[in-house]
Amino acid sequence: MASSSGPAQFDREINCLSDQDRMKRKGALKRLLDAVRKPDAGTWDAAVLQRLTSECLRRFEDTSENCREQAIAIVRHATPLQDAAVLDYVLPSVAARIGTDPIREESEELRLQLLDLAHICLDHFANDLGAYIDYYPVVLTNCLADPFPELKRKACAVAIRLCEIEPKRVKSCTVSIAKAVKQHALTHKHAVVRCDAVKCFGVLVAHGAAEMLGDMKDEQDNRTTVFAIYQLANDRSDPVRKATLEVMNSMLLDISEKAEQPRRLLPHVLSLVTDPCDDIRADAQRLLEQLGKLYRIDNANHDIDLSKRPVTIKDIEWYADDEYPDMTLTTSSSGHLPDLDRRPTLGARHAVAEH
């Protein structure tokens, strides 16, 4: 590799990686890992780096977990030292281990390290992804379905980064990833997973998965996206509710396919207007005001179509013989809800009344 290190010595170490003796492989991998971690690794010859990477990728299939772990660590350090051509064999190797059903890598910690390797490729070769982007949907959907919570969180982070780097090309695969997030992470038992998942879901919706907000064919009422948002908006965790509100903010104000969203999401925004958390309550009231401003802009001509005006109790005339029914609420919440800081604007009240 570097002339001061003795290329022949490292050639011998690389040759030991295919030895049948597990201890020899383990020792060679440890010495190579120590070498590739040194600052002068960036001066190594490209051909030597390529050979080292190729041999370590073969060790991804090693029967020894320790050997696989060290091989993954070497590739994680060696990959950023090479050009984009390294993706030709790194990403297929990652997909072969964690992109299959069932997943071939048995160790959950190594699955996490393999996904981190895919994340490194994404960050370091952001301008050279090209067709390599096709490896990510299958890897991400598999990792989201994995029972390991940290792997789910990492998959959410990688999905968000993928949308940031390839906002146009990613549109073809965001729906499949969003379905996996919804099915395997949005209602996870760990609050940190739910929080990361709802943020990821919002980014995916904003990058082409807006159809997930609609009613899917043959979908049960308690399996719809809107029902999942209802659960998240009433989550016991403050960070989850706050992240849910941020996602609804994007769905209601930013995405172009928002015609039906006020009707679906406004009830959940209203529930957060009286949230016990001050920050969430303030953000919900701010969102309500922004929706009111948009409503006033959209209805700036002040035309009123009476045929489309919502029917209220004042429009109903009682024709029965007995007295007008008592409209008093039979049940009420025993808890005191926080008061609004101020009365909602006229636009906000109209928006709520219409939707």
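The values are calculated or read from the model by the stated rules, or taken from the named source; none is laboratory data. Just so we're clear, the structure is a prediction, and the values are computed from it rather than from any experiment. As a convention, Cβ positions derive from the backbone with ideal geometry for all residues, glycine included, and neighbour counts pool all protein chains shown. What goes into the accessible areas is simple: the full protein's heavy atoms, side chains included, and nothing from ligands, DNA or RNA. Shrake-Rupley method; radii C 1.70, N 1.55, O 1.52, S 1.80 Å.
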Practice task
Could you calculate the contour length gain from ASP128 to ARG236, that is, 0.36 nm times the residue separation minus the distance between their Cα atoms, to one decimal place in nm?
Solution key: 34.6 nm
Handout entry: Solvent exposure, largest accessible area first (probe 1.4 Å, DNA, RNA and ligands not counted), of ASP128, ASP116
Key = ASP128, ASP116
Practice task
Beta carbons within 10 angstrom, averaged per residue: use that to sort the peptides 24-32, 153-161, highest first.
Solution key: 153-161, 24-32
Completion exercise
Subtracting the Cα-Cα distance of ASP83 and GLU65 from 0.36 nm times their residue separation yields 3.6 nm
Handout entry: Three-way shape call for the stretch 18-256 based on the alpha-carbon gyration tensor, with the a/c threshold at 1.5
Key = prolate
Practice task
Could you compute the FRET efficiency for LYS30 and HIS188, with r as their C-beta to C-beta distance and R0 at 30 Å, rounded to 0.05?
Solution key: 0.25
Practice task
With a ≥ b ≥ c taken as the square roots of the eigenvalues of the C-alpha gyration tensor of the stretch 1-154, please select rounded if a/c is under 1.5 and otherwise prolate if a/b is larger than b/c or oblate if it is not?
Solution key: oblate
Exercise for the section: Could you tell me whether the stretch 76-151 comes out rounded, prolate or oblate from its Cα gyration tensor? Rule is a ≥ b ≥ c as square roots of the eigenvalues, rounded for a/c under 1.5, then prolate if a/b exceeds b/c, otherwise oblate. Expected result: prolate
Practice task
Take the alpha-carbon centre of the stretch 129-174, take the same for the stretch 48-125, and report the distance between them in whole Å.
Solution key: 16
Exercise for the section: Identify, among ALA131, LEU81, ALA159, the residue whose Cα sits farthest towards the positive end of the charge dipole of the stretch 18-256, taking +1 on the Cβ of Lys and Arg and -1 on the Cβ of Asp and Glu, with the dipole about the Cα centre. Expected result: LEU81
Problem - Accessible surface of ARG97 - all protein chains present, 1.4 Å probe, nearest 10 Å² - result: 20
Exercise for the section: Place a +1 charge on the Cβ of each Lys and Arg in the stretch 17-159 and a -1 charge on the Cβ of each Asp and Glu, then give the dipole magnitude about the Cα centre in debye, rounded to the nearest 20. Expected result: 400
